[in-house]
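Input: a single structure, listed below in structure tokens.
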Amino acid sequence: MNILVTGAAGFIGSHLCETLSKDHNVIGLDNFCDFYDIRIKRKNLHDLAKSDNFQIIMADIRNISELEDVFSHNKFDLVIHLAAMAGVRPSILDPGLYTNVNVVGTLNLLEQCRKLNIKKFIFASSSSVYGNNKKVPFAETDPVDHPISPYAATKKAGELICHSYHHLHQISIACLRLFTVYGPRQRPDLAIHKFSRRILAGETIPVFGDGTTRRDYTYIDDIVEGVMKTIAFVDEGLYYEIFNLGESQTISLSTMIETLEKTLAVKAKKEYLPMQSGDVIQTFADISKAKKILGYDPQTNFKVGIENFVEWLRKE
């Protein structure tokens, strides 16, 4: 299978491309934006550079002419769309950028699929679409009409655009709502990575709220396995489905910090600050649908996942 992966140089994208390139021809697309250090993205691709089945192309999903060039020179069977401006808090500061990349960029990719008759598409959505959903765990059938950040709104908009292209142009599409992915190569702006580096450096970590907020942390290998099972799903017929990919367990912010302290063998210096706008109280995935239809079954518990992450971080 010939597969396009957008956001290929990122945390999730690079791990996914490593797995895909064992059995498929993979074109990775990334614009190498400076949201965080570009050198990190290039390092993410280090092992992939050795693969005969992988090629990276520098292009921007907002640029139609660049996309047309990529699509016209490659015959794709499947597009896996991971590229996005990520993060709740930065989206509040620059909602226009987030809308342009996450909404218009998604539309541009679907247009290329329409024009070239590409019938399989996987879209990386986010657990943030649930907002402060009072019902837990979060199920795909829950209403998601009240996003509390521009980032969440752009991801919901992406799901809706995907549905319209499925309906109008018979494209088989799966939207994956990912829940707080962590593990080796995690983005440096995310809490586990940022806190670990600050703790090791003896710096203070900011704790927003009283430490009781909870997240459904999901290990990168389980996410990659979920995407691989989704590929088989969209390949079987004409579908539009939404799936939660999470661990289906919640960890409080205080417990996450305690786990880092024990694994790093260093006590954290904490500064308690007010909750920030756009942050949700908890995320908690109901994964029964993904288990039943995809065979998704996450295997990595939080303690082991943190140990793996810290082992990687120390080598870095």
Could you tell me which numbered condition Met228 fails, if it satisfies all but one of (1) farther than 27 Å from Asn117 by Cβ; (2) of a type in the set (A, V, I, L, M, F, W, C); (3) surrounded by fewer than 21 Cβ atoms within 10 Å (Cβ to Cβ); (4) in contact (Cβ under 8 Å) with a residue 40 or more places away in the chain?
(1)
Tally of residues being surrounded by 12 or more Cβ atoms within 10 Å (Cβ to Cβ) and either in a helix (DSSP H, G or I) or at pLDDT below 90 (or both) across region 263-278:
5
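Would you check if Ala124 is part of a loop (DSSP other than H, G, I, E, B), under 19 Å from Asn31 (Cα atoms), at pLDDT 95 or above and in contact with a strand residue (DSSP E or B) (Cβ under 8 Å, 6 or more places away or on another chain)? Please lay out each step first, then the result.
Details: part of a loop (DSSP other than H, G, I, E, B): no; under 19 Å from Asn31 (Cα atoms): yes; at pLDDT 95 or above: yes; in contact with a strand residue (DSSP E or B) (Cβ under 8 Å, 6 or more places away or on another chain): yes.
In short, no.
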Can you tell me which residue within region 281-316, out of those that are in a loop (DSSP other than H, G, I, E, B), at negative phi and out of contact with any strand residue (DSSP E or B) (no Cβ under 9 Å at 6 or more places or on another chain), is modelled with the lowest pLDDT?
Glu316
Residue under question is Asp69, and the condition is that it be in a loop (DSSP other than H, G, I, E, B) and over 16 Å from the mean Cα position of the chain (by Cα); does it hold?
no
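Specify the residue that is farthest from Arg185 (Cα to Cα); the eligible residues are those in region 49-65 that are part of a helix (DSSP H, G or I) and at pLDDT below 95. If you could, list the steps in order and put the result at the bottom.
To start, the set of residues in region 49-65 that are part of a helix (DSSP H, G or I) comprises 49-50, 64-65.
Filter again for at pLDDT below 95, leaving 49-50.
Working: Ala49: 16, Lys50: 18 Å.
Only one residue fits best here, namely Lys50.
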Residue check: is Leu4 in contact (Cβ under 8 Å) with a residue 60 or more places away in the chain, in a strand (DSSP E or B) and either within 16 Å of the chain's Cα centre (by Cα) or surrounded by 15 or more Cβ atoms within 10 Å (Cβ to Cβ) (or both)?
yes
Taking the criterion of being surrounded by 15 or more Cβ atoms within 10 Å (Cβ to Cβ), touching a strand residue (DSSP E or B) at 6+ places or on another chain (Cβ under 9 Å), modelled with pLDDT of 95 or more and β-branched (Val, Ile, Thr), would at least one residue in region 15-22 satisfy it?
no
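Would you mind finding the one in Arg187, Arg198 that is basic (Lys, Arg) and not in a loop (DSSP other than H, G, I, E, B)?
Working: Arg187 fails: not in a loop (DSSP other than H, G, I, E, B).
One residue alone meets the criteria, Arg198.
For the condition in contact (Cβ under 8 Å) with a residue 12 or more places away in the chain, out of contact with any Gly (no Cβ under 7 Å at 6 or more places or on another chain) and either farther than 23 Å from Leu110 by Cα or hydroxyl-bearing (Ser, Thr, Tyr) (or both), what is the one hit in Gln186, Gln170?
Values: Gln170 fails: either farther than 23 Å from Leu110 by Cα or hydroxyl-bearing (Ser, Thr, Tyr) (or both).
Step by step, each of Gln186, Gln170 is checked, and only Gln186 is in contact (Cβ under 8 Å) with a residue 12 or more places away in the chain, out of contact with any Gly (no Cβ under 7 Å at 6 or more places or on another chain) and either farther than 23 Å from Leu110 by Cα or hydroxyl-bearing (Ser, Thr, Tyr) (or both).
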Against the condition acidic (Asp, Glu) and closer than 21 Å to His169 by Cβ, how does Glu140 come out, does it pass?
no
For Gly28, indicate whether it is at pLDDT below 95 and surrounded by 15 or more Cβ atoms within 10 Å (Cβ to Cβ).
no
Considering only region 142-164, how many residues are without any contact (Cβ under 8 Å) to a residue 60 or more places away in the chain, of a type in the set (Val, Ile, Thr) and closer than 9 Å to Thr106 by Cβ?
1
Do we find a residue being within 21 Å of Phe243 (Cβ to Cβ), basic (Lys, Arg) and either in contact (Cβ under 8 Å) with a residue 40 or more places away in the chain or crowded, with 17+ Cβ neighbours inside 10 Å (or both) anywhere in region 116-127?
yes
Tell me whether region 106-115 contains one or more residues that are assigned to a helix (DSSP H, G or I), touching a strand residue (DSSP E or B) at 6+ places or on another chain (Cβ under 7 Å), under 23 Å from Glu66 (Cβ atoms) and among the hydroxyl-bearing types (Ser, Thr, Tyr).
yes
Quick check on Ile251: is it modelled with pLDDT of 95 or more, more than 26 Å from Ile161 (Cα to Cα) and in contact with a Phe, Trp or Tyr (Cβ under 7 Å, 6 or more places away or on another chain)?
yes
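The values are calculated or read from the model by the stated rules, or taken from the named source; none is laboratory data. Note that this is a predicted model, so its numbers are computed, not measured. As a convention, Cβ positions derive from the backbone with ideal geometry for all residues, glycine included, and neighbour counts pool all protein chains shown.
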